[in-house]
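To keep things clear, I will list the structure first and then write my remarks on it.
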Amino acid sequence: MTDRLAELEASLQAVRARIAAACAAADRDPSEITLVAVTKTFPASDIMLLSQLGVTEIGENRDQEAAPKAAACAAAGLSVRWHFVGQLQVNKVASVVGYADMVHSVDRLRLAEALGRRARDAGRVIGCLVQVSLDDAGQPDGGGSAGRSGAGRGGAEPAEAGELAAAIAAHDSLRLAGVMGIAPLGQPARPAYARLRQIAETVRAAYPGAQVISAGMSGDMGEAIAEGATLVRIGTALLGGRPPLLR
Ligand SMILES: *Cc1c(COP(=O)(O)O)cnc(C)c1O
């Protein structure tokens, strides 16, 4: 066993233990939680090792990095599922639909339209999550688009979630899978994830197939699981630290 494989195996065990503890505290079954390993800034070789350890749901946030890694893994015969979790520009959509199985960051109508059209052209069906901004409008730097662009996390306003869900559901080439949110920096995560859970319930009421709540990262997976997350996106706790600014 290589050193890196042993390292990843140990961190995977620790992450699984944290998920199990959070599930026990919330009276949930760990089998309800999908673990997505966010491998941005780490090499494709780490993805190959993770797949040996049984982690086959892989998250990336930039097409420029994800596309070559997906190609390398496919060339190596690896069967993993790709989650695109970063803010997505329309001019990258054609590339992303070539490898992504799920896009977590659908936060505006124009992006939903582009995904629908490009996925159809590629003959693929892509899972989509409506990304909702969880910034608390009552907090400084929270709320409207200024706070959003400043923080760079993206996300539609909660009031727009229904319209976006409908736009995704209107495409045969897209599958409305649920919602995604990122807790605002410097604010308690749990109330933010509680708001996401409410939005998820509204979307599910209209679209029963939209069961995914993508919430929780290395620092706040417990809070997210307490508020109903079904998918956690874990980078640092699995793979180690990244250079600053590449969040
Ligand atoms: C990087 C990233 C993660 C993982 O963050 P960690 O704190 O390293 O676990 C999760 N979600 C998104 C959208 C990310 O960009």
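The values are calculated or read from the model by the stated rules, or taken from the named source; none is laboratory data. Just so we're clear, the structure is a prediction, and the values are computed from it rather than from any experiment. All Cβ positions, even for glycine, are placed from backbone atoms using ideal geometry, and neighbour counts span all protein chains on display.
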Between a first residue in the range 116-139 that is more than 17 Å from Trp82 (Cα to Cα) and polar (S, T, N, Q) and a second residue that is at pLDDT below 95 and part of a helix (DSSP H, G or I), which pairs have beta carbons less than 8 Å apart while being 6 or more apart in sequence or on different chains?
Ser133/Arg148
Can you tell me which residue among Ala194, Ala215, Ala237, Ala189 is at pLDDT 95 or above, among the small types (Gly, Ala, Ser) and in contact with a Phe, Trp or Tyr (Cβ under 7 Å, 6 or more places away or on another chain)?
Ala215
Select from the range 193-226 the residues that are outside any loop (DSSP other than H, G, I, E, B) and within 12 Å of the ligand (Cβ to nearest atom) and write down the one among them that is surrounded by the fewest Cβ atoms within 10 Å (Cβ to Cβ).
Met221
How many residues are of a type in the set (S, T, N, Q) and within 12 Å of the ligand (Cβ to nearest atom) when one looks only at the range 94-107?
1
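For the range 27-40, give me each residue that is part of a loop (DSSP other than H, G, I, E, B) and either surrounded by fewer than 16 Cβ atoms within 10 Å (Cβ to Cβ) or in contact with an Asp or Glu (Cβ under 8 Å, 6 or more places away or on another chain) (or both). Walk me through how you get there before you give the answer.
Taking the range 27-40 first, the residues part of a loop (DSSP other than H, G, I, E, B) are 27-29, 33, 39-40.
Asp27, Asp29, Thr39, Lys40, listed by residue number.
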What is the residue count in the range 227-246 for residues that are near the ligand (Cβ under 9 Å from one of its atoms) and in contact (Cβ under 8 Å) with a residue 40 or more places away in the chain?
9
Any residue at all in the range 169-178 that is in a strand (DSSP E or B), buried (at least 22 other Cβ atoms within 10 Å of the Cβ) and touching a Phe, Trp or Tyr at 6+ places or on another chain (Cβ under 6 Å)?
yes
Ala229 vs. criteria in a helix (DSSP H, G or I), at pLDDT 95 or above and of a type outside the set (Val, Ile, Thr):
no
Being within 29 Å of Arg16 (Cα to Cα), crowded, with 23+ Cβ neighbours inside 10 Å and charged (D, E, K, R): is that true of Arg233 here?
yes
Looking at (1) basic (Lys, Arg); (2) within 14 Å of the ligand (Cβ to nearest atom); (3) more than 27 Å from Leu111 (Cα to Cα), find the lone condition where Arg190 falls short.
(2)
Would you check which residues across the range 50-63 are farther than 25 Å from Gly178 by Cα and either without any contact (Cβ under 8 Å) to a residue 12 or more places away in the chain or surrounded by 21 or more Cβ atoms within 10 Å (Cβ to Cβ) (or both) and list them?
Leu50
When the range 27-46 is examined, which residues are found to be among the hydrophobic types (A, V, I, L, M, F, W, C) and either farther than 19 Å from Ala14 by Cβ or within 14 Å of the ligand (Cβ to nearest atom) (or both)?
Leu35, Val36, Ala37, Val38, Phe42, Ala44
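Of the residues that sit in the range 51-93 and are of a type in the set (A, V, I, L, M, F, W, C), farther than 23 Å from Arg242 by Cα and assigned to a loop (DSSP other than H, G, I, E, B), which one is nearest to the ligand (Cβ to nearest atom)?
Across the range 51-93, the extreme among qualifying residues is Leu78.
Just need a number here: residues in the range 70-91 that are within 22 Å of Gly154 (Cβ to Cβ) and either out of contact with any strand residue (DSSP E or B) (no Cβ under 9 Å at 6 or more places or on another chain) or crowded, with 21+ Cβ neighbours inside 10 Å (or both).
10
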